[in-house]
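Since the structure comes first, as structure tokens, the remarks are kept for the end.
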Amino acid sequence: METIFSKIMAREIPADIVYEDEHVLAFKDIAPQAPVHVLVIPKKYIHNVLTLEESDTELAGQILLACSKVAQLMGIEEGGARIVFNCGTDGGQAVPHLHAHVLGGRKLGWPPG
Ligand code: 5GP
């Protein structure tokens with residue numbers, strides 16, 4: 001499935017990459033909603049959290065661990081962070097490739113709009 005994120009993975013379009021390993025890529029959001037706003041995506045194509053399968057169990061854990069590593073790398077692990085997975089139309093998902101938003105660096109409001 002070709003998306004803007006697959007193009008970033010293929011280095012066809014530039015992104016500010018902050019972390020990468022065998023399973024995931026993490027890069028700064030182009031329209032940051034907080035001082036730290038990083039997207040963490042699996043290299044494997046998965047639409048969103050709602051389409052995860054049993055066989056993705058290990059990968060799901062790797063995505064969460066990568067979010068934690070990104071928070072540490074960006075220096076927000078002490079202040080805290082919000083990690084969000086928008087899913088589908090009602091969830092406000094614009095890019096159809098599973099991604100976590102790692103947001104921090106300021107106090108975030110709740111509830112979300
Ligand atoms: P969603 O609404 O699908 O949960 O989030 C998609 C995110 O991708 C948005 O926060 C948006 O700003 C970000 N985004 C869209 N296009 C690009 C791009 O070309 N580069 C980067 N770095 N982020 C993008």
**Request:** Hey, can you tell me all the residues within segment 1-37 that are of a type in the set (G, A, S) and either over 24 Å from K107 (Cβ atoms) or under 13 Å from the mean Cα position of the chain (by Cα) (or both)?
**Result:** S6, A10, A15, A26
**Request:** Look through segment 1-35, keep the residues that are more than 14 Å from H99 (Cβ to Cβ) and touching a residue at least 24 places away in the same chain (Cβ under 8 Å), and return whichever of them is farthest from the ligand (Cβ to nearest atom).
**Result:** D21
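Where a number appears in this text, it was derived from the coordinates with a stated rule and is not lab data. What you are looking at is a predicted structure, and each value in this text was computed from that prediction instead of being measured. Please note: Cβ atoms are built from the backbone with ideal geometry, for glycine as well, and neighbour counts cover all protein chains shown.
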